[in-house]
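One structure below.
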Amino acid sequence: MRGRAYVAEADGLRSDAAGHLLWAAQLSADDGCLGPGVRVFRHGSATAVVSPGLSGRDRIAVDGEADDALVLVRDEVLAEVGPGHRPFGDAELIAALVRGTPGLVAAGGSGFLWMETAETMETTDPPATVPEGVRWLDAEEEREAAALFEDSFPGSYARPGRPGTRRWAGAHDHGPDGTGALLAVAGDAWSGAGCGFMAGVLTRPEARGRGLGVAVSRFVVDALVREYGRAALMVDADNPAAIAAYRRAGMRGREFAAAARARGSAGL
């Protein structure tokens, strides 16, 4: 079947498609075209979206019935893309791909959750109440945020100044002049038409436990839903505090997994 499953355009990737497929497609809000280098493959009920350099990795978002997805990924997609591309999707589906594909192994780590807003909304709906003290950062404040990442989360894929990151929200301490130190941030990064994406949620260690992560997350989620119709993120399954915070911000999660070629590295 080689060569018959590739679709050059975003045909069929409607607004009700699986969120991770839309995210991987990186669709343009202007004309609905696929993002740079993105390719879509289909076989039966299965769809795979190949997306290079997405959130720090070359990814293959996969959805559909396991039998169809196995034929598509094993026989078509992996033959077309480089060895660094990692299929990801529903945990049971990825497990089926690993069982049926020689040389494909489960990526290391504890697995992760794909979390997104429970329902899409119209971009004309009224905005939610803005959490007090949270706002979009200006250029100088983004430099402060970059320093916060350097100190507290240097391994983050999403941080100010990195390709794919668009804007950052932050919560400040209340100083005597109405401003103060930046305490928590969250980013709008790698968003595309139909699926806004939040990444880089970080709270200064000494400020944790005050609900600031929830506040900045809710602010960004609300903005993404208004602009893109839904918001999504990925979070490690062994981070219950973050998962609880994202649930409070209106997100619901599904168990996802990733796979890699036999020498693939761990992580999302």
**Complete:** Over the range 158-169, the set of residues of a type outside the set (A, V, I, L, M), closer than 20 Å to PRO205 by Cβ and out of contact with any Pro (no Cβ under 9 Å at 6 or more places or on another chain) is ARG159, PRO160
**Message:** For MET1, only one of the following conditions fails: (1) hydrophobic (A, V, I, L, M, F, W, C); (2) at pLDDT 95 or above; (3) open to solvent by 30 Å² or more (accessible area, probe 1.4 Å). What is its number?
**Reply:** (2)
**Prompt:** Can you tell me which residues in the range 31-58 are among the polar types (S, T, N, Q) and closer than 26 Å to ARG159 by Cα?
**Reply:** SER51, SER55
**Conditions (1) modelled with pLDDT of 95 or more; (2) surrounded by fewer than 18 Cβ atoms within 10 Å (Cβ to Cβ); (3) within 20 Å of LEU233 (Cα to Cα): number failed by MET121** = (1)
**Request:** Among the candidates GLY196, GLY175, single out the residue that is modelled with pLDDT under 95 and either over 30 Å from GLY32 (Cβ atoms) or surrounded by 20 or more Cβ atoms within 10 Å (Cβ to Cβ) (or both).
**Result:** GLY175
**Message:** Go through (1) without any contact (Cβ under 8 Å) to a residue 12 or more places away in the chain; (2) within 23 Å of LEU113 (Cα to Cα) for GLU150 and report which single condition fails.
**Reply:** (2)
**Complete:** Note on the range 93-123: residues in a helix (DSSP H, G or I) and free of Cβ contacts under 8 Å to residues at least 60 places away in the same chain are LEU93, ALA96, ARG99, GLY100
**Prompt:** Among the residues of the range 211-224, is any closer than 17 Å to ALA158 by Cβ and not in a helix (DSSP H, G or I)?
**Reply:** no
**Asked** Can you tell me which residue in the range 100-113 is most open to solvent (accessible area, probe 1.4 Å), limited to those that are at pLDDT 90 or above and within 27 Å of ASN239 (Cα to Cα)?
**Response** ALA106
**Asked** Residue check, ALA158 against (1) part of a loop (DSSP other than H, G, I, E, B); (2) surrounded by fewer than 20 Cβ atoms within 10 Å (Cβ to Cβ), all met but one. Which one?
**Response** (2)
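The values are calculated or read from the model by the stated rules, or taken from the named source; none is laboratory data. Model, not experiment: these values are computed from the prediction. Cβ atoms come from the backbone with ideal geometry, glycine included; neighbour counts cover every protein chain shown. Note: accessible area is taken over every heavy atom of the protein model, side chains too, but ligands, DNA and RNA are not part of it. Shrake-Rupley method; radii C 1.70, N 1.55, O 1.52, S 1.80 Å.
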